[in-house]
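One structure is given below, encoded as structure tokens.
The values are calculated or read from the model by the stated rules, or taken from the named source; none is laboratory data. Predicted model only: the values in this text are computed from it and were never measured. Note that we place each Cβ from the backbone using ideal geometry, even for glycine, and neighbour counts take in every protein chain shown. Remember, those area values only see protein heavy atoms, side chains included, never the ligands or the DNA or RNA. Shrake-Rupley method; radii C 1.70, N 1.55, O 1.52, S 1.80 Å.
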Amino acid sequence: KQWYQRRVAITAGVLKLSRLALARCMYSLPELPYKYEALEPVINRDIMEIHHSKHHATYVNNLNATALKAADAVESGNVSSLIGLHGALKFNGGGHINHSIFWNNLSPNGGGLPSGDLLAAIEAEFGSFDQFKAKMSAATIGVQGSGWGWLGVNPESKRLEIATCANQDPLLATTGLTPLLGIDVWEHAYYLQYKNVRPEYVNSIWNIVHWDDVAARYATALS
């Protein structure tokens, strides 16, 4: 009985420490690597400010709140509560992951074509850069409702793949692909400027794609 009580006390202590550690390591809204107006005329200042400081910030705040609830559920042994948090963790955690990639995938000095190993891989997989661009644009424009279009790499075959995800579903957790380039087609990403003309937004965003960032993610995925 004493052994059991000590084990319970130790377990409770570990859970308490885990919750304290979690509280000290809360997720935070990343700063943009450029000013809100820097991506104009492709994406205007108002969209960028609202998208980053309101929408992304909300995902971060809700993720932190949900993570604390999950820690409480683990500490109390409430499995049902823990399972019930899955949707909130997926939505808000995915929103944080996706946007953290998205901001760095864009640059005021972006556009043009990739180079080096990334361009070679695109041409090998899709025939040409223009064919890749057309295929990814079509897939992204075709997302029903809200979601994302992605270029990812298969970690086993090392081949590039185009995929789409609904809502804020994160690419890696959903498909197993490592994300390289994401295009956000939630209406808050473009509606203030492009209204309901999603194709115009998607076709324009290629002019600010930060290919150096995409290439660095590709190199990391292959290493």
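Points to keep in mind about this one:
- Options Ala139, Ala134; residue that is more than 22 Å from Leu222 (Cβ to Cβ), part of a helix (DSSP H, G or I) and more than 18 Å from the chain's Cα centre (by Cα): Ala134
- In segment 37-47, the residues that are crowded, with 16+ Cβ neighbours inside 10 Å and under 18 Å from Trp186 (Cβ atoms): Leu39, Val42, Ile43, Asn44, Ile47
- Criterion (surrounded by fewer than 16 Cβ atoms within 10 Å (Cβ to Cβ) and more than 17 Å from Ile183 (Cα to Cα)) met by exactly one of Ala120, Ala138: Ala120
- Being touching a His at 6+ places or on another chain (Cβ under 6 Å) and either without any contact (Cβ under 8 Å) to a residue 24 or more places away in the chain or of a type in the set (A, V, I, L, M, F, W, C) (or both) holds for only one residue in Leu119, Leu63, and it is Leu63.
- Inspection of segment 195-213 identifies at least one residue that is open to solvent by 60 Å² or more (accessible area, probe 1.4 Å), in a loop (DSSP other than H, G, I, E, B), among the basic types (Lys, Arg) and out of contact with any Asp or Glu (no Cβ under 8 Å at 6 or more places or on another chain).
- Annotation note: of Tyr190, Tyr194, the sole residue that is under 18 Å from the mean Cα position of the chain (by Cα) and hydroxyl-bearing (Ser, Thr, Tyr) is Tyr190.
- Any hit, segment 182-192, residues being in a helix (DSSP H, G or I), in contact with an Asp or Glu (Cβ under 6 Å, 6 or more places away or on another chain), on the phi < 0 side of the Ramachandran plot and open to solvent by 20 Å² or more (accessible area, probe 1.4 Å): yes
- Residue count for segment 135-168, restricted to those that are small (Gly, Ala, Ser) and closer than 23 Å to Gly87 by Cα: 6.
- Sole residue being of a type in the set (A, V, I, L, M, F, W, C) and over 18 Å from Leu180 (Cβ atoms), chosen from Leu160, Leu89: Leu89
- Selection within segment 134-149 - out of contact with any Ser or Thr (no Cβ under 6 Å at 6 or more places or on another chain), over 14 Å from Ile122 (Cβ atoms) and among the hydrophobic types (A, V, I, L, M, F, W, C): Ala138, Ile141, Trp148
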